[in-house]
Amino acid sequence: MTTTVITNIGSLVTNDPALGDGTPIGLLQDAAVAIDGDRIAWVGPSADAPAADEAADAAGRAVIPGFVDSHSHLLFAGDRTQEFNARMSGRAYTAGGIRTTVAATRAACDEALEANLTHYLREALRQGTTTFETKSGYGLTVEDEARALRIAARHTDEITYLGAHIVPPDYADDPAAYVALVTGEMLDACAPYARWVDVFCEKGAFDGDQARAILTAGKAKGLHPRVHANQLSYGPGVQLAVELDAASADHCTHLTDADVDALASSETVATLLPGAEFSTRAQWPDARRLLDAGVTVALSTDCNPGSSFTSSVPFCIALAVRDMKMTPDEAIWSATAGGARALRRTDIGRITPGARADLVLLDAPSHVHLAYRPGVPLVSDVWRQGKRCP
């Protein structure tokens with residue numbers, strides 16, 4: 001295996017307090033990182049860096065862990081430009097627009113869906129995303145949901161079955177029959193390709209009882225729950241996520257004190273998706289309230305063609321700092337280690353010996369520049385599983 005050493009790192013975010021300054025992001029100045037194969041082998045002062053087969057000089061710039069995007073919807077066809085234009089002209093966002101993407105996705109061939117997926121994966125990688133989760137949810141038939149997950153499985157291990165995105169038009173008059181399909185034949189076809197099961201628990205989608213039935217059926221098939229929770233209104237999603245030990249409750253915009261307390265006393269991560277609030281002009285999630293209560297928070301893109309058509313984690317970091325009252329340190333942790341927690345992974349989201357060698361070199365002296373210089377393409381180089389990406 002090839003060894004690589006990156007030296008002269010001005011500011012290194014390790015997310016290991018024992019390696020750096022004792023803070024959650026484990027900041028280390030004038031640092032170096034050694035990579036052996038696909039793993040981090042050593043972290044320490046630049047002056048003590050070991051010899052290696054290959055060397056890279058960070059020239060005083062910052063290095064951070066690769067971003068972990070733990071919530072995206074990349075298996076789709078078409079876009080919803082007209083809907084976005086109308087919304088920016090005053091129309092409110094509802095869950096109904098998903099049906100437009102369902103129609104386009106059903107009509108697309110496998111090759112077109114995979115080409116679209118890989119296009120956005122390359123786009124995300126250029127912006128520092130080295131791990132991503134993606135979902136089905138735009139097919140809503142047994143065949144279309146299974147093929148979406150089959151395609152995704154060629155590109156990531158973090159695959160989520162979201163047959164319960166909305167009730168499709170062909171079941172509008174009999175939602176109970178659709179829930180039966182999602183928990184029966186569709187689940188049987190999709191479970192072999194997925195790690196997770198998800199449900200959009202929201203007015204206009206699935207209520208608490210329906211969501212519980214879907215998630216419980218998924219657990220019985222070996223899939224672990226995630227929940228689209230409390231995005232558009234107050235509801236049972238967060239409490240259900242905690243009850244079922246979901247890895248994450250995603251969105252978390254409308255929360256009662258009981259919801260916050262439940263999250264704080266659980267292993268369920270609150271995954272915040274500021275791209276959705278930006279794109280829909282909706283109320284921002286109160287990250288400060290969650291963090292001050294001791295809730296574990298992740299930041300992700302929610303990349304999808306309707307409500308958050310961005311693959312840029314740096315953009316979401318800038319939004320979180322500016323509009324959700326997170327500090328730059330909290331935001332970088334949430335977009336890396338927080339995303340790993342939301343996927344229940346310990347091998348990613350940090351730069352520490354034994355972790356997967358996913359690193360991002362910034363064209364900046366500090367990770368703070370991700371929020372300080374919003375919209376500027378600061379990602380200079382990316383190493384994914386120890387390999388420098390072209």
Condition check for residue 14: open to solvent by less than 10 Å² (accessible area, probe 1.4 Å), within 29 Å of residue 296 (Cα to Cα) and modelled with pLDDT of 95 or more
yes
Please list, ordered by first then second residue, the pairs with beta carbon atoms under 8 Å, 6 or more apart or interchain, first in segment 174-186 and in contact (Cβ under 8 Å) with a residue 12 or more places away in the chain and within 15 Å of residue 197 (Cα to Cα), second of a type in the set (Asp, Glu) and open to solvent by less than 30 Å² (accessible area, probe 1.4 Å).
186/145
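Sort out which residues of segment 72-84 are of a type outside the set (A, V, I, L, M) and crowded, with 18+ Cβ neighbours inside 10 Å, and write them in order of number. I'd like the intermediate steps shown before the answer.
Taking segment 72-84 as the starting set, the residues that turn out to be of a type outside the set (A, V, I, L, M) are 72-73, 76, 78-84.
Listed by number, the residues that qualify are 72, 73, 76, 80, 83, 84.
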Looking only at segment 278-289, count how many residues are open to solvent by less than 40 Å² (accessible area, probe 1.4 Å), over 17 Å from residue 235 (Cβ atoms) and not hydroxyl-bearing (Ser, Thr, Tyr).
1
In segment 85-117, the residues that are at pLDDT 95 or above, surrounded by 14 or more Cβ atoms within 10 Å (Cβ to Cβ) and either in contact with an Asp or Glu (Cβ under 6 Å, 6 or more places away or on another chain) or of a type outside the set (Gly, Ala, Ser) (or both):
105, 106, 113, 114, 116, 117
Looking at (1) part of a loop (DSSP other than H, G, I, E, B); (2) over 30 Å from residue 104 (Cβ atoms); (3) open to solvent by 10 Å² or more (accessible area, probe 1.4 Å), which one does residue 348 not meet, given that it meets all the others?
(3)
Suppose we filter segment 33-55 for residues that are buried (at least 19 other Cβ atoms within 10 Å of the Cβ) and either polar (S, T, N, Q) or farther than 23 Å from residue 1 by Cβ (or both); how many remain?
1
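Condition test on residue 291, is it modelled with pLDDT of 95 or more and either among the polar types (S, T, N, Q) or over 14 Å from the mean Cα position of the chain (by Cα) (or both)? Give the steps one after another, and end with the answer.
Details: modelled with pLDDT of 95 or more: yes; either among the polar types (S, T, N, Q) or over 14 Å from the mean Cα position of the chain (by Cα) (or both): yes.
For residue 291, the condition - modelled with pLDDT of 95 or more and either among the polar types (S, T, N, Q) or over 14 Å from the mean Cα position of the chain (by Cα) (or both) - is met.
Looking only at segment 146-171, how many residues end up being in a helix (DSSP H, G or I) and farther than 20 Å from residue 204 by Cβ? Lay out the reasoning, then the answer.
Of all residues in segment 146-171, those in a helix (DSSP H, G or I) come to 146-152, 169-171.
Then keep just the ones that are farther than 20 Å from residue 204 by Cβ; that gives 146-152.
Counting residues in segment 146-171 that are in a helix (DSSP H, G or I) and farther than 20 Å from residue 204 by Cβ gives 7.
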Taking residue 58 as meeting all but one of (1) under 29 Å from residue 339 (Cα atoms); (2) open to solvent by 10 Å² or more (accessible area, probe 1.4 Å); (3) of a type in the set (A, V, I, L, M); (4) over 22 Å from the mean Cα position of the chain (by Cα), write down the number of the exception.
(2)
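Within segment 315-323, is even one residue charged (D, E, K, R), open to solvent by 50 Å² or more (accessible area, probe 1.4 Å) and either at pLDDT below 95 or touching a Ser or Thr at 6+ places or on another chain (Cβ under 8 Å) (or both)?
No - not one qualifying residue is present in segment 315-323.
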As an exercise: evaluate residue 390 against (1) at pLDDT below 95; (2) in a strand (DSSP E or B); (3) of a type outside the set (Phe, Trp, Tyr) and give the number of the one condition it does not meet.
(2)
Give the residue that is nearest to the chain's Cα centre (by Cα), with candidates limited to residues of segment 356-383 that are outside any strand (DSSP E or B) and buried (at least 22 other Cβ atoms within 10 Å of the Cβ).
358
May I ask you to say which residue of 69, 21, 30 is open to solvent by 30 Å² or more (accessible area, probe 1.4 Å) and either in contact (Cβ under 8 Å) with a residue 12 or more places away in the chain or of a type in the set (Val, Ile, Thr) (or both)?
30
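The values are calculated or read from the model by the stated rules, or taken from the named source; none is laboratory data. This is a predicted model, so every value here is computed, not measured. Every residue, glycine as well, gets a Cβ built from its backbone with ideal geometry; the counts of neighbours run over all protein chains shown. In case anyone asks, the SASA skips ligands and DNA or RNA and just uses the protein heavy atoms, side chains included. Shrake-Rupley method; radii C 1.70, N 1.55, O 1.52, S 1.80 Å.
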